[in-house]
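A.B. asks: Can you read through this structure? Questions will come right after.
The values are calculated or read from the model by the stated rules, or taken from the named source; none is laboratory data. No experiment lies behind these values; they were computed from the predicted model shown. So basically every Cβ, Gly included, is an ideal-geometry build from the backbone, and we count neighbours across all protein chains shown. Quick note on the areas: whole protein, heavy atoms, side chains included, nothing else; ligands and nucleic acids left out. Shrake-Rupley method; radii C 1.70, N 1.55, O 1.52, S 1.80 Å.
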Amino acid sequence: MRILYFYVTKQFSRIFFFTAFAFGFIVLISELFRQISFYMENKTGLIIIAQHLFSNIPWWIIQVLPVATLLALLFSLGELAKRNEITAMKAAGINLWKIITLFMIIGFIIGLGDFGARELIIPKTTYFNEIVKKEKIQKQEIAVKTEFSNLIVSLQNNARLSVGYLNTKEKIMKDIIIEKYSDNFILERLVLAPEGVWENKTWMLKDGVVRDFENDLWKEFYFKEYDSGIKLKPEDIALKKMRYEMMNTYDFQKYIKQLRIFGQTALKERIALNIRYASVFSHLVVMMIGIPFALGLGNKLGKILSFTLALGAAFTYWGVQAITQSLGENYMLSPFMAAWLPNFIFFIIGIYLLVKVKK
């Protein structure tokens, strides 16, 4: 069986890698023609153009992996059927489910590779691509933003922080308002201070006032220095927009947490993170959809019709992914269901089609 597994895997891998890199090269050429006016306008040299384009190839390949997986499956398994090798396997007493299981394992391994690339490779190549574009092509200096204004941050225990000015480099903030509300949204405490400094892992406010409210009265006291109890680091208070592909899972989760601190739902980001997890199994689902059609559903369908139906089913799967993502972004599905529902649906469909395959 080892020889057979190696032979089948080799047949699939050869087509899979060729298809993936072929699609990546096609996208590279189309991207070159799309941006050629941009390169000419900035008088970009050939080496820099190559750096800019080739640094995006990993991301483009990741995008076409599901299609490459499906085509490699259809061609490799279809070729085995065409040369009657499937019939020979059955005649030798080999259960066809062993070959089907092999392909599903391959699909899962491709999914793990997809996830690993998004974690370890894509963030670095995407960042390098951004550096090349801004520094070498547009001749811009990439400066780290350290000054922010008009920030509003949600705190624990029904509290809210408003900051007029924040400097993350100098670790100071100005025009500070801290509001503490009861569970009934009644203002209980108000802290006002012209300045705050990050010291000893907390924000120390300077020369301000604290007002405690009770019914229609309040008590107030002035202070020279006051520990706000806010443990958020300066860089955690400042919100910086990030591209999804430039973050690994840890950075993505941290970014979502930061958005939630600012009182945002981070709905699109939470859906995108769940899709990153769900994509591990999407290649397996593609395999489950494609295998029955590649085998012609027990020779009930013609090869061309089977091939067409397999592509149609796969593109329907990706269409459902787009629909559920849109439903999630419109609060009609949870972030988890928006990402995973297509997998659940087509996993069941895949199981149904697989049992139709003649042993």
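A.B. asks: For residue 96 and residue 47, calculate 0.36 nm times their separation in residues minus their Cα-Cα distance, and state this gained length in nm to one decimal.
C.D. replies: Length gained, residue 96 through residue 47: 12.6 nm.
A.B. asks: Karplus couplings for region 62-67 from phi (6.51 cos²θ - 1.76 cosθ + 1.60, θ = phi - 60°), rounded to Hz, Gly and Pro as x?
C.D. replies: Each residue's phi maps through the Karplus curve to give 4, 5, 9, 4, x, 5 Hz.
A.B. asks: State the Cα centre-to-centre distance between region 246-269 and region 164-203 in whole Å.
C.D. replies: Rounded to whole Å, the Cα centres lie 22 Å apart.
A.B. asks: Run the numbers for residue 233 and residue 32: contour at 0.36 nm per residue of separation, minus the present Cα-Cα distance, in nm.
C.D. replies: Difference between extended and current length: 68.1 nm.
A.B. asks: Still on this model: When the Cα atoms of region 79-238 are enclosed in a convex hull and the volume is divided per residue, what value in Å³ results?
C.D. replies: 234
A.B. asks: While we're on this one: All other residues with a Cβ under 15 Å from the Cβ of residue 179 taken together, and with Lys, Arg as +1 and Asp, Glu as -1, what is their net charge?
C.D. replies: -1
A.B. asks: Here is a follow-up. Starting from the Cα-Cα distance between residue 54 and residue 206, subtract it from 0.36 nm times their residue separation and give me the gain in nm to one decimal.
C.D. replies: Value of the extension gain: 49.5 nm.
A.B. asks: Could you give the longest part of the chain that holds none of the GluC sites (Glu not before Pro) found in DSSP loops with at most 13 neighbouring Cβ atoms within 10 Å?
C.D. replies: 171-359
A.B. asks: Something else now. In Å², what does the accessible area per residue of the chain work out to with a 1.4 Å probe?
C.D. replies: Per-residue value: 56 Å².
A.B. asks: How far is it, in nm, from the label point at residue 182 to the one at residue 219 when both lie 7 Å from their Cα along the line to the Cβ?
C.D. replies: Here the modelled spin labels are 1.6 nm apart.
A.B. asks: To the nearest Å, what is the center-to-center distance of region 21-82 and region 109-148, using C-alpha atoms only?
C.D. replies: 18
A.B. asks: On the full set of protein chains, 1.4 Å probe, figure out the accessible area of residue 128 and give it in Å² to the nearest 10.
C.D. replies: The value for residue 128 is about 90 Å².
A.B. asks: Using θ = phi - 60° and the Karplus relation 6.51 cos²θ - 1.76 cosθ + 1.60, list the HN-Hα couplings for region 111-124 in order, rounded to whole Hz, with x at every Gly or Pro.
C.D. replies: Running phi through 6.51 cos²θ - 1.76 cosθ + 1.60 with θ = phi - 60° gives x, 5, x, 4, 5, x, 5, 5, 7, 10, 9, 4, x, 6 Hz.
A.B. asks: Report ³J(HN,Hα) in whole Hz for each residue of region 151-164, in order, from the Karplus equation J = 6.51 cos²θ - 1.76 cosθ + 1.60 where θ = phi - 60°; Gly and Pro get x.
C.D. replies: Values per residue, Gly and Pro as x: 9, 10, 10, 7, 10, 6, 6, 6, 10, 9, 10, 10, 10, x Hz.
A.B. asks: Still on this structure: When Lys and Arg each count +1 and Asp and Glu each count -1, what net charge do the other residues less than 11 Å away from residue 329, Cβ to Cβ, add up to?
C.D. replies: Residues near residue 329 contribute +1 overall.
A.B. asks: Here is a follow-up. Students sometimes get this wrong: rank 277, 226, 255, 127 by accessible area, probe 1.4 Å, all chains present, largest first.
C.D. replies: 127, 277, 226, 255
A.B. asks: While we're here: Classify the chain as rounded, prolate or oblate from the Cα gyration tensor: take a ≥ b ≥ c as the square roots of its eigenvalues, call it rounded if a/c is under 1.5, otherwise prolate when a/b beats b/c and oblate if not.
C.D. replies: Judged from the Cα gyration tensor, the chain comes out prolate (a/c at least 1.5, a/b above b/c).
A.B. asks: Another question, if that's okay. When the accessible area of the chain is split by element with a 1.4 Å probe, what percent falls to carbon and sulfur?
C.D. replies: C and S fraction of accessible area: 62 percent.
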